[in-house]
Amino acid sequence: MALKFPIFMDSQSTTPCDPRVVDAMLPYFTEKFGHPASRNHPYGWEAEAAVDRARGQVAQLIGARDPKEVVFTSGGTESINLALKGVAEMYREKGNHIVTTVIEQRAGLDVAKRLERQGFEVTYVPVQPDGMVDVDAIRNAITPKTVLISVMYANNEIGTIQDVAAIGALAKEKGVIFHTDATQAAGKMPIDVEKAGIDLLSCTAHLMYGPKGVGALYVRRKGPRVRIAPMMDGGGHERGMRSGTLPVPLVVGFGRAAEICREVMPEESRRLAALRDQLQDGILSRVDEAFLNGHPERRLPHNLNISFSYVEGESVLMGLNKEAAMSSGSACTSATLEPSYVIAAIGASTELAHSSIRFSLHRFTTDEEVEYVGRRTVEVIGRLRDMSPLYELAKEGVDIKSIHWKAE
Ligand SMILES: Cc1ncc(COP(=O)(O)O)c(C=O)c1O
């Protein structure tokens, strides 16, 4: 099949909607347009039934036993805000301390900073060079005032998957609520909120081949029953936790997307991991001074993040942008030229943090695309290094760090 350019390899920023998802959504824009809270007529009942079905489909994807535990939101960012702010407000009398990590997505970090300004204390636990959080570091951070642990399930840049079950068990032991940002993991790997002891879980549809603008927060109802203060006041929808008319077509699409992910997950993750490994081997075997970021095994099947010495990630992407779409750093920070804080947090130098590229594969990625992107990435890096005086010096055996640059 002829390649279609630019080849999309940035599926951790967003995924294309699966055509089956679009088909499921379409009737809910037109003939099935009822309001799910209209209790008095069939238009409302039809919409409510569709929302209930979607709630069940999302619940199944994450192992929630009771669909009522799924609260629909506008996406991952809102779910994270609702989880952190909702717990902080609800449990303020109990304590004012939160434990999180330095590699959370911006939503998690920015909410934590806001809560600090409001008098909360937040411990930001560091990560190891492979991106893993040391569960003992979380244990040591817990104080009698800790009301929440928030640790992401899998990282959006380096794909490292945390030992969520161990953190869940620790949270249970200490009687602390556990939230996980599973925005990148949901739909890509098996998740079981019961087995992993998760109390709150954030996810979004647009990272699992569903539409943009809808997500969910799982809120545990039993063992323990978790309560959160709502962020919005209004009609009391979503069991009082998230007022506002639900976007029924998006919710239906989210449900269908979750259902498809669950069905295809074993086969899809095997296929993508094999393609990802092929891309990784193709690049690492042909480019020297290239370093894999993240954990070599405990990582999302579709993620590959590599730093290339002596080139800027941005320059590589510019060199390829008519042919392939990838990202350097995460999408939300790529508007600035700040190096990736995640790559910096795993101990890389500023130079290597600037030179990282994230390739993320998806349901529609083909073998030919992987072969093409791998080959062209190697070529562009070769060309950029040929123009780099630093690379030339390094090849001559000069220790770059020992050079004292003299300003004219
Ligand atoms: C780890 C992580 N958390 C949260 C979000 C935000 O989700 P949304 O775009 O649905 O607001 C993203 C988005 O990419 C993400 O990767």
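The values are calculated or read from the model by the stated rules, or taken from the named source; none is laboratory data. Only a predicted model underlies this, so the values are computations on that prediction, with no experimental measurement involved. Using ideal geometry, Cβ is built from the backbone for each residue, glycine included, and neighbour counts are taken over all protein chains shown. The accessibility values were calculated without ligands, DNA or RNA, using every heavy atom of the protein model including side chains. Shrake-Rupley method; radii C 1.70, N 1.55, O 1.52, S 1.80 Å.
Specify which of the listed residues (Val226, Val251, Val219) is within 16 Å of the ligand (Cβ to nearest atom) and not assigned by TED's automatic domain parsing to the domain that holds Ala324.
The match here is Val251.
Residues of the stretch 106-159 being in contact with a Ser or Thr (Cβ under 6 Å, 6 or more places away or on another chain) and polar (S, T, N, Q), which ones?
Ser150, Asn156
Every residue, every condition in (1) touching a helix residue (DSSP H, G or I) at 6+ places or on another chain (Cβ under 8 Å); (2) at pLDDT 95 or above; (3) within 16 Å of the ligand (Cβ to nearest atom); (4) not polar (S, T, N, Q), yes or no:
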{"position": "Ile62", "(1), (2), (3), (4)": "no, yes, yes, yes"}
{"position": "Arg65", "(1), (2), (3), (4)": "yes, yes, no, yes"}
{"position": "Asn81", "(1), (2), (3), (4)": "yes, yes, yes, no"}
{"position": "Ala107", "(1), (2), (3), (4)": "yes, yes, yes, yes"}
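How many residues are open to solvent by 40 Å² or more (accessible area, probe 1.4 Å) and at pLDDT 95 or above if we restrict to the stretch 197-223?
Filtering the stretch 197-223 down to residues open to solvent by 40 Å² or more (accessible area, probe 1.4 Å) leaves 206, 212, 221-223.
Then drop every residue that is not at pLDDT 95 or above, which leaves 206, 212, 221-222.
Number satisfying all stated conditions: 4.
Return the residues of the stretch 146-184 that are at positive phi and away from the ligand (no atom under 12 Å from the Cβ); say none if nothing qualifies.
Correct list: Gly175 only.
State whether one or more residues within the stretch 15-30 are among the β-branched types (Val, Ile, Thr), modelled with pLDDT of 95 or more and farther than 25 Å from Gly244 by Cα.
There is at least one residue in the stretch 15-30 that is among the β-branched types (Val, Ile, Thr), modelled with pLDDT of 95 or more and farther than 25 Å from Gly244 by Cα.
Return the residues of the stretch 191-216 that are of a type in the set (Lys, Arg) and either closer than 14 Å to Ile80 by Cβ or within 11 Å of the ligand (Cβ to nearest atom) (or both); say none if nothing qualifies.
Start the filter on the stretch 191-216 by keeping residues that are of a type in the set (Lys, Arg), which leaves 195, 212.
Result: Lys212, single match.
Look through the stretch 83-105, keep the residues that are part of a helix (DSSP H, G or I) and small (Gly, Ala, Ser), and return whichever of them is farthest from the ligand (Cβ to nearest atom).
Ala88
Among the strands (runs of 3 or more DSSP E) lying completely within the stretch 267-363, list those that include at least 1 residues that are at pLDDT 95 or above and open to solvent by 20 Å² or more (accessible area, probe 1.4 Å).
Here the list reads 290-292.
Tell me which residues, restricted to the stretch 154-180, are open to solvent by 10 Å² or more (accessible area, probe 1.4 Å) and among the acidic types (Asp, Glu).
Listed by number, the residues that qualify are Asp163, Glu173.
Quick one: Gly187 ticks every box in (1) more than 15 Å from the ligand (Cβ to nearest atom); (2) in contact with a strand residue (DSSP E or B) (Cβ under 9 Å, 6 or more places away or on another chain); (3) under 24 Å from Gly294 (Cα atoms) bar one, so which box is it?
(1)
Do we find that Val226 is in contact (Cβ under 8 Å) with a residue 60 or more places away in the chain and assigned to a helix (DSSP H, G or I) in this structure?
Against the criterion (in contact (Cβ under 8 Å) with a residue 60 or more places away in the chain and assigned to a helix (DSSP H, G or I)), Val226 does not qualify.
Please verify whether Gln118 is among the polar types (S, T, N, Q) and away from the ligand (no atom under 16 Å from the Cβ), treating the condition exactly as stated.
yes
Got a number for residues in the stretch 33-73 being within 15 Å of Thr245 (Cβ to Cβ) and not in a helix (DSSP H, G or I)?
Qualifying residue count, the stretch 33-73: 10.
Take the conditions touching a Pro at 6+ places or on another chain (Cβ under 8 Å), in the same structural domain as Ala112 (by TED's automatic domain parsing) and either free of Cβ contacts under 8 Å to residues at least 40 places away in the same chain or assigned to a loop (DSSP other than H, G, I, E, B) (or both) and apply them to Ala137. Does it pass?
yes
In the stretch 230-261, which residues are closer than 26 Å to Lys195 by Cα and open to solvent by 10 Å² or more (accessible area, probe 1.4 Å)?
Of everything in the stretch 230-261, those that are closer than 26 Å to Lys195 by Cα and open to solvent by 10 Å² or more (accessible area, probe 1.4 Å) turn out to be Glu238, Arg239, Met241, Arg256, Glu259.
Could you please let me know if Thr77 is out of contact with any Gly (no Cβ under 6 Å at 6 or more places or on another chain) and either under 28 Å from Gln57 (Cα atoms) or not assigned by TED's automatic domain parsing to the domain that holds Met152 (or both)?
So Thr77 fits the description; yes.
Kindly list the number of the only condition in (1) within 16 Å of the ligand (Cβ to nearest atom); (2) not assigned by TED's automatic domain parsing to the domain that holds Lys145 that fails for Met1.
(1)
In contact (Cβ under 8 Å) with a residue 40 or more places away in the chain and either more than 16 Å from the ligand (Cβ to nearest atom) or surrounded by fewer than 24 Cβ atoms within 10 Å (Cβ to Cβ) (or both): which single residue out of Tyr43, Tyr28 fits that description?
Tyr28
Do you know which of the residues in the stretch 4-25 that are among the charged types (D, E, K, R) and more than 16 Å from the ligand (Cβ to nearest atom) is surrounded by the most Cβ atoms within 10 Å (Cβ to Cβ)? Walk me through it before giving the result.
Keep residues of the stretch 4-25 that are among the charged types (D, E, K, R), which gives 4, 10, 18, 20, 23.
Add one more test, that the residue is more than 16 Å from the ligand (Cβ to nearest atom), and what stays is 4, 18, 20, 23.
Numbers: Lys4: 9, Asp18: 20, Arg20: 14, Asp23: 11.
Checked the stretch 4-25; the qualifying residue surrounded by the most Cβ atoms within 10 Å (Cβ to Cβ) is Asp18.
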